[in-house]
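Read the structure below first, then the notes.
The values are calculated or read from the model by the stated rules, or taken from the named source; none is laboratory data. No experiment lies behind these values; they were computed from the predicted model shown. Reconstructed Cβ throughout: ideal geometry from the backbone, glycine too, with neighbour counts over all protein chains shown.
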Amino acid sequence: MSEFIAIDGPAGSGKSSVSKAVARSRRYGYLDTGAAYRALAWHVLDRGAETDDADAVVAAASDFDLRLGLDPDDRTVAIGDSDITAAIREPRVSEAVSGVARVPAVREQVNIYFRSLVAAASYPAVIVEGRDITTVVAPDAPVRILLTAAPEVRAARRAGELAGENAAVVAEALHKRDASDSAVVDFLNAAEGVEVVDSTHLDFPQTIDAVLAVIERKQGAEHGR
């Protein structure tokens, strides 16, 4: 059974890119839990429903053949035989995904799926990143990290990722999503036992090093070194 390494954080904190880089450097698996919620949001919209309709979300989740790999260099997301890797990043999906994440029954179902993926993985460890990994999905993980940054820094980073997008619009969307998602789970404050890595004043390599340092220290303590 693979070891869980849980990383939470708000949008724009760098948790996806940093988690992938760390996974590559340690030859670990990588699980982007946000992709699963995005895939379900896409699935709901594809069925002609809206994600603010909880019954429609639950119905879509019952017919949801998600295929999500753990290779940090292969981020393919599929439902059945349909490759939706690019589609789940469309603005309409980004705007709808919070509606999916707000449904408790769906979160429970998806969390079971996440745990089963890690349990069956062939990697020595899997870095699992999202919103409630340190508190709900894997509260007993030996390594739990909250990766965060100042709101204005996160907004600037996200705007930089979305070439051609208006920075003010991106910032507003990011803050709106954080506010909506934080009504479901607190990913802005570290729970007891969760290490905080604040990347506000760190560049990308420095953030990777900071996360690796926490992993090495926690794993060393866990194994009595």
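Values computed for the structure shown
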{"item": "Count of residues meeting criterion [surrounded by 13 or more Cβ atoms within 10 Å (Cβ to Cβ) and not in a helix (DSSP H, G or I)] in segment 51-67", "result": "6"}
{"item": "Residue in segment 167-225 that is modelled with the lowest pLDDT, counting only those that are among the small types (G, A, S) and part of a loop (DSSP other than H, G, I, E, B)", "result": "A183"}
{"item": "Subset of segment 97-125 [closer than 16 Å to V44 by Cβ and touching a Leu at 6+ places or on another chain (Cβ under 6 Å)]", "result": "V100"}
{"item": "Hey, L70 in contact with a Phe, Trp or Tyr (Cβ under 7 Å, 6 or more places away or on another chain), of a type outside the set (F, W, Y) and assigned to a helix (DSSP H, G or I) or not", "result": "no"}
{"item": "Residue, modelled with the lowest pLDDT, within segment 21-44, restricted to residues that are surrounded by fewer than 20 Cβ atoms within 10 Å (Cβ to Cβ) and not polar (S, T, N, Q)", "result": "G34"}
{"item": "Count of segment 134-154 residues which are under 15 Å from E192 (Cβ atoms), within 14 Å of the chain's Cα centre (by Cα) and not polar (S, T, N, Q)", "result": "5"}
{"item": "Single condition V153 does not satisfy, out of (1) in a strand (DSSP E or B); (2) among the β-branched types (V, I, T); (3) at pLDDT below 90", "result": "(1)"}
{"item": "Complete set of residues in segment 54-78 that are among the aliphatic types (A, V, I, L, M) and modelled with pLDDT of 95 or more", "result": "L70, V77, A78"}
{"item": "Matching residues, segment 1-49, being part of a strand (DSSP E or B) and among the aromatic types (F, W, Y)", "result": "F4, Y30"}
{"item": "Top-ranked residue of segment 110-144 - restricted to ones that are of a type in the set (A, V, I, L, M) and assigned to a loop (DSSP other than H, G, I, E, B), ranked as nearest to A11 (Cα to Cα)", "result": "A138"}
{"item": "Evaluation of G80 against (1) free of Cβ contacts under 8 Å to residues at least 12 places away in the same chain; (2) on the phi > 0 side of the Ramachandran plot (one fails), failing number", "result": "(1)"}
{"item": "Every residue from segment 21-49 that is touching a Lys or Arg at 6+ places or on another chain (Cβ under 8 Å) and more than 16 Å from R131 (Cα to Cα)", "result": "L45"}
